[in-house]
Amino acid sequence: MRFRLATAGVVVVVLGAAAVAGMRWSTAGEPVWVAAPSAASTVLPEGANYETVVDTRAASVFDDLHNDRGVPRVQTYAMPPVTTWDQVRSAVAGQLDGWTEVGDCVDTGERQVQCSWSEPTRWWPRLVRIVFLRPPAPGAADAHVWPDNTFLVIGSARGANR
């Protein structure tokens, strides 16, 4: 009799844990779709060595956001050269009403600036990350291979860790 009660207790605990795990798994949702700012183009300039820099950064965003909930959505856009970090950041943040900015998203003046936002949910929040890539300074060693563009990488993942 005691064995049956103990076994029933273990089964209830295991089923309860499985139910909680299943609920956490299903609440993570899908990666959120973030529209690119106006004037963004998915057609990247034919080119030279700049592609390696942009592709490497996009791959890095993909790797950072990839988790056991699935693969992230990552898209790369060519932007006009006059595009500023504040324009890009505000265009994306405006689509993520109520989301929490993760870390410091201040423009440091570097060639690569990034910002992330996390959905304010208890379990498995979705995460959006953007990376803005500027051309090198005039006269820099790789300035001649960079087209007259800035680039934006937008990544979104479900259930991502911060």
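A compact table of results
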read-out: Accessible area (Å², per residue) of the chain, counting only protein heavy atoms and a probe of 1.4 Å; value: 58
read-out: Segment ASP68-VAL10, extension gain: residue separation times 0.36 nm, minus the distance between their alpha carbons; value: 18.1 nm
read-out: Within the accessible area of the chain (1.4 Å probe), percent carbon and sulfur; value: 57
read-out: Helix-derived mean residue ellipticity, 222 nm - over the chain, DSSP H n ≥ 4, -39500 (n - 2.57), to 500; value: -10500 deg cm²/dmol
read-out: Placed amide H near VAL102: partners under 5 Å, 5+ positions off or other chain; value: SER116, TRP117, SER118
read-out: Alpha-carbon Debye profile of the chain, log10 I(q)/I(0) at 0.18, 0.21 Å⁻¹; value: -1.07, -1.33
read-out: Separation of alpha-carbon centers, the stretch 46-69 and the stretch 90-108, rounded to whole Å; value: 21
read-out: Where chymotrypsin sites (Phe, Trp or Tyr not before Pro) in DSSP loops with at most 16 other Cβ within 10 Å are excluded, longest remaining stretch of the chain; value: 34-122
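The values are calculated or read from the model by the stated rules, or taken from the named source; none is laboratory data. Note that the structure is a prediction, hence the values are computed from the model and not measured. All Cβ positions, glycine included, derive from the backbone under ideal geometry; neighbour counts span all protein chains shown. Note: areas computed on protein heavy atoms with side chains; ligands, DNA, RNA excluded. Shrake-Rupley method; radii C 1.70, N 1.55, O 1.52, S 1.80 Å.
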